[in-house]
1. Please find, within the stretch 316-329, the residue that is modelled with the lowest pLDDT out of those that are open to solvent by 50 Å² or more (accessible area, probe 1.4 Å) and part of a helix (DSSP H, G or I).
2. Enumerate the pairs (first residue in the stretch 68-85 and under 16 Å from residue 39 (Cα atoms); second residue anywhere and of a type in the set (S, T, N, Q) and open to solvent by less than 30 Å² (accessible area, probe 1.4 Å)) with beta-carbon separation below 8 Å, excluding pairs fewer than 6 apart on the same chain, so at least 6 apart or on different chains.
3. So, residue 133, is that one within 22 Å of residue 64 (Cα to Cα) and open to solvent by 10 Å² or more (accessible area, probe 1.4 Å) or not?
4. Quick one: is residue 361 of a type in the set (Val, Ile, Thr) and outside any loop (DSSP other than H, G, I, E, B)?
5. Might you check whether a residue that is in the same structural domain as residue 176 (by TED's automatic domain parsing) and in contact with a Gly (Cβ under 6 Å, 6 or more places away or on another chain) occurs anywhere in the stretch 119-137?
6. Which residues, counting only those in the stretch 338-358, are crowded, with 20+ Cβ neighbours inside 10 Å and assigned to a helix (DSSP H, G or I)?
7. Search the stretch 294-324 for residues being away from ligand 1 (no atom under 13 Å from the Cβ) and free of Cβ contacts under 8 Å to residues at least 24 places away in the same chain, and hand back the single one that is nearest to residue 22 (Cα to Cα).
Amino acid sequence: MFYKQYGDTDMKVSAIGMGCMRYNMEDVNAGNLSKCAEVALYAHEKGINYFDTAPFYCDDKSETITGIALSQLPRDSYYISSKTNLGTVGGKHTAADFRKRLETTLQRLNVEYLDFYHLWCVLSLESFEESLDALYGFFEQAKADGLIRNIVFSSHMQGDELEAAVNRNLFKGMLIGYNALNYRFRQKGIEAAHKKGMGVVVMNPLGGGLIPGNPDVFRYLTEGTDLNVAQAALRFVASHKEITITLNGFTTNQHVDEACKSVENLIEKPAKELLMEYENKGIALNNLCTGCAYCKNCPQDIDIPKFMDAYNQKILGNDMKSRIKHHWNISANKAADCIKCGNCEAQCTQHLPIIDRLEEIAATCI
Ligand code: SF4
Ligand code: SF4
């Protein structure tokens, strides 16, 4: 395993971290939580020492499963991270509400403290400021009480906004979505964070499965390596000097082995150099749906992620109509039910014009 320094701390973390949101759902549903935990133990055996979880992952069982694994390991052999935000802190967002959420997480994870606690999923600078006002003081108190070691944030903001968030000088690190599709739009943010001595953790390095799902489009990433497209996409992210940890979700031990292979003999390069190296190769798009499903509560019951996935196919030069009809087996008529309430766009982690796209789908595919 390749290890990196986490920002300006003395923590040595594995270049690949385990994103604990891909436990085997058949086992989760059957209540075989100890069986699920085996993959986390295997990842640790292979040198992975950073585990990222959150409430609600895997039907709200991820923290518990991860805790089963961690309880079998020496406390100084891993770093554990979880998350909270206004949505997970119930009641009136009081200090007691915050503490209750944190204590539930600690209890589930079987630990006395978290190494990293995220202000979770900030979508815009406006919500960043709102969350800071409401919660940052509680984070500081929990740190002073020894319950968390480092205060960090996770965000889906773009480069400029990320830079502004970083410049508040309030966080030890950040977690952002970054991959071969959107890197040009987020580089500013990682460079700013690196300069400030912050750790940078990356989620969604495979573009929500879009990169391995379109191997011909992304084959250029594998040039000069013996890696497959998914591994090469992980290596691309991990090779950024500014990026500390690249998170990958594992369901099986084979997934762990594949991810570990992707960072063997890793050579780190500054983001600017990588940008020049890949500038004329492949495509870099920031306007694809990643399938994160944050937009799923549509009052008209429109299955937005499926329609947006079909629209991705159009952007990638494939047949959108066939994707709707044959792959998803849904009716394009449903796209016309949108009442333009805007709920989905406010939640979209990619800031996509969902309403316009649905309109286009209704106009061209019915
Ligand atoms: S804008 Fe349309 S698609 Fe989005 S949540 Fe509202 S009704 Fe649903
Ligand atoms: S439309 Fe946006 S929020 Fe919905 S699944 Fe796609 S990226 Fe996620």
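The values are calculated or read from the model by the stated rules, or taken from the named source; none is laboratory data. Just so it is clear, the structure is predicted and the values come from calculations on it, not from any experiment. A quick note on method: Cβ atoms are made from the backbone with ideal geometry, for glycine too, and the neighbour counts reach across all protein chains shown. The area values use the complete protein model at the heavy-atom level, side chains included, leaving out ligands, DNA and RNA. Shrake-Rupley method; radii C 1.70, N 1.55, O 1.52, S 1.80 Å.
1. Per the criteria, the residue is 327.
2. Pairs found: 78/49; 80/53; 80/66.
3. For residue 133, the condition - within 22 Å of residue 64 (Cα to Cα) and open to solvent by 10 Å² or more (accessible area, probe 1.4 Å) - is not met.
4. Numbers: of a type in the set (Val, Ile, Thr): yes; outside any loop (DSSP other than H, G, I, E, B): yes.
For residue 361, the condition - of a type in the set (Val, Ile, Thr) and outside any loop (DSSP other than H, G, I, E, B) - is met.
5. no
6. 344, 354, 357, 358 - these are the residues of the stretch 338-358 that are crowded, with 20+ Cβ neighbours inside 10 Å and assigned to a helix (DSSP H, G or I).
7. Among those residues, the one meeting the criterion is 309.
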